[in-house]
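In what follows, a structure is listed as structure tokens, so that the remarks can point back to it.
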Amino acid sequence: MNIWELIVVQPMTNILLLITMLVKNFGVAIILFTILIKLVTMPFTIKQVKSRRKMAELQSSPEYKKVMAKYKDDREKLAMEQQRLYKESGVSPFSSCLPLLLQMPIIFGLYQSIMRAMASTPVELLKLERIIYPFLDINKIVPIQNRFLWMDLGQPERLMVFGIGIPVLAILVVITTFLQSKAMEGQDANADPSAAAATGSMNKIMPLFMGYMAYQFSAGLALYFVVSNLTTMLQYAALGE
């Protein structure tokens, strides 16, 4: 077993199976698992929000605006002065990247965990049994019921309407990711033009990228995206963002 399997896929698979054993529903287990992940990573979210607030205060300060005006034609000197102000203020310009960096291994790990948990063939069941923790009785959990509402959680989600498959979750992922991005974009209103342009581009690309993943991969992963986005927006609202 490689390091990725040991520290990411195996724990996530076991947590998913444990929650499934308790609630008797794999779709509900994914929702509860998502909320659990958001609670565990809440300290990082709080740190990110505080850092963004400090960044907004710095970018609104007279000293920052003075530097921006003084070195507007000298990008190298401007970057040096910005870094000096960031350091003096204890602000990291990369703080907004932290949630994304945390989310990416969770996304890939969850996808693999969902597919592992829904083992159906003898070979897949044997592989699953090898990574199950001793305190879990696999006979009480598998086979996993892969149906949740209209979805097959192991397949890309489509809601059939008059013979047309509508990717409802993928659409919701695009919408919720966009709303989440716009909410945070407002915090960067005072950012320098280059940073604002980079943030704006990312906020246009990310909803489409997440929507594509929700469209292409398993419904279980798309369900995670939707619940994660909604939970994140609730967290930001609770923190006054």
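A compact table of results
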item: Among the residues listed as Ala69, Ala79, Ala29, the single one being in contact with a helix residue (DSSP H, G or I) (Cβ under 9 Å, 6 or more places away or on another chain), part of a helix (DSSP H, G or I) and of a type in the set (Gly, Ala, Ser); result: Ala29
item: Any hit, the range 27-39, residues being aromatic (Phe, Trp, Tyr), within 19 Å of the chain's Cα centre (by Cα) and open to solvent by less than 40 Å² (accessible area, probe 1.4 Å); result: yes
item: Any hit, the range 49-63, residues being under 17 Å from the mean Cα position of the chain (by Cα), open to solvent by 50 Å² or more (accessible area, probe 1.4 Å) and β-branched (Val, Ile, Thr); result: no
item: Residue under evaluation Leu78, criteria (1) at pLDDT 75 or above; (2) under 30 Å from Glu5 (Cβ atoms), criterion not met; result: (2)
item: Top-ranked residue of the range 162-171 - restricted to ones that are hydrophobic (A, V, I, L, M, F, W, C) and either closer than 13 Å to Ala222 by Cα or at pLDDT 90 or above (or both), ranked as most open to solvent (accessible area, probe 1.4 Å); result: Ile171
item: Residue in the range 172-187 that is open to solvent by 20 Å² or more (accessible area, probe 1.4 Å), outside any helix (DSSP H, G or I) and either at pLDDT 90 or above or in contact with a helix residue (DSSP H, G or I) (Cβ under 7 Å, 6 or more places away or on another chain) (or both) present; result: no
item: Residues satisfying the stated conditions in the range 100-124, i.e. among the polar types (S, T, N, Q), open to solvent by 50 Å² or more (accessible area, probe 1.4 Å) and at pLDDT 75 or above; result: Gln112, Thr121
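The values are calculated or read from the model by the stated rules, or taken from the named source; none is laboratory data. Just so it is clear, the model here is predicted, and its values are computed rather than measured. Note that each Cβ is placed from the backbone with ideal geometry, even for glycine, and that neighbours are counted across all protein chains shown. Each accessible area value is taken on the protein alone, full model and side chains, heavy atoms only, with ligands, DNA and RNA left out. Shrake-Rupley method; radii C 1.70, N 1.55, O 1.52, S 1.80 Å.
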